[in-house]
Amino acid sequence: MIAFHRVGLEYPRTGTKALYNVSLEVKKGEFVYVVGHSGAGKSTLLALILRRLLPTQGAVYFAGQNLKLLRGDQVALHRRRIGMVFQDHRLLSDMTVEENLAFVLRVQGIPSREWPERIATALRRVGLAHKKRAFPEELSVGEAQRVAIARALLLDPPVILADEPTGNLDLDNALQVLDILKAAHQRGATVVVATHSRELPEAYPARVVVLKAGQVVRDERPGEGGSIRVRESPDRGGKEEA
């Protein structure tokens, strides 16, 4: 579904290497946690999948397509296949919950006759059907983040990317968000969650990919006794898969 082939990303202005020699495959229907400290490259990895960034080395593939080759409308069509959830809910403050969701559907070109059912389904999935006429300021932090997930679910995307979706939440609200992502996974979505939380993988065991200084240093699946071995990379002093 998603494949990174020896991907590197360097910001030319600063020379900062956000990712280095990353090779990684996420299969259709997987649930994957990408973990690491701030600056490890988690958000960069998600931005490459969404094609908000392009690699400076290597290639990122989505459903067999090299994302670097997409042009014009192809980029927009690609992003419609992905539901994106950010740490900051990014709701429009002057619109109700319902209007926020309708705005997304309008931008995506979805016929207006489909809006009520799509909005109702998305809000029902996050347990907030009763909040559709509320404004963002009338929501708790946890409720606002659940609306953000509802927004990501509007088009029933095959892939959901979540960038620190529980970073601003207490544990109870974080687990509610995780339950929604679990339900999407159980309906067949491929889910990739960038997080520094230890509680999430413990609450819902799944594959864990660990990033450190822009490199994959560990890749584990539930039930495995160990992790992928890594070796020192002679040209950087870092590590890569053995």
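Derivation of every value follows stated rules applied to the coordinates shown; laboratory data play no part. All figures in this text were calculated on a predicted structure; none of them were measured in a lab. Note that we place each Cβ from the backbone using ideal geometry, even for glycine, and neighbour counts take in every protein chain shown.
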For the chain, built as a Gaussian network whose Cα springs stay under 10 Å, the top-fluctuating residue of 152, 18, 63: 63
Sequence of 95, 1 once ranked by neighbouring C-beta atoms within 10 Å, starting from the fewest: 95, 1
For region 2-68: rounded, prolate or oblate by the Cα gyration tensor [a/c cutoff 1.5]: oblate
Rounded tilt (10° steps) of 141-153 against the dominant C-alpha axis of the chain: 80
Computed label-point distance, nm, for sites residue 137 and residue 106 using a 7 Å Cα→Cβ extension: 2.1
Relative contact order of region 103-209, defined on C-alpha pairs under 8 angstrom at six or more residues apart (%): 24
Rounded, prolate or oblate (a/c below 1.5 giving rounded, otherwise prolate when a/b exceeds b/c) for the chain by Cα gyration tensor: prolate
Selected from 178, 92, 200 as most flexible by GNM, with the chain as the system and alpha-carbon contacts under 10 Å: 92
Most mobile of 88, 179, 73 in a GNM of the chain (Cα contacts under 10 Å): 73
Cut-off under 5 Å, modelled amide H: who pairs with residue 218 long-range: 210
Gap separating the Cα centres of region 5-48 and region 99-126, nearest whole Å: 31
For residue 207, distant residues with modelled amide H under 5 Å away: 31, 33
Anchor residue 68: lysines whose Cα lies under 30 Å away (excluding residues fewer than 8 positions away in-chain): 17, 27, 28, 42, 212, 239
Residues whose placed amide H lies under 5 Å from that of residue 53, excluding near-sequence neighbours: 48
For region 76-168: rounded, prolate or oblate by the Cα gyration tensor [a/c cutoff 1.5]: oblate
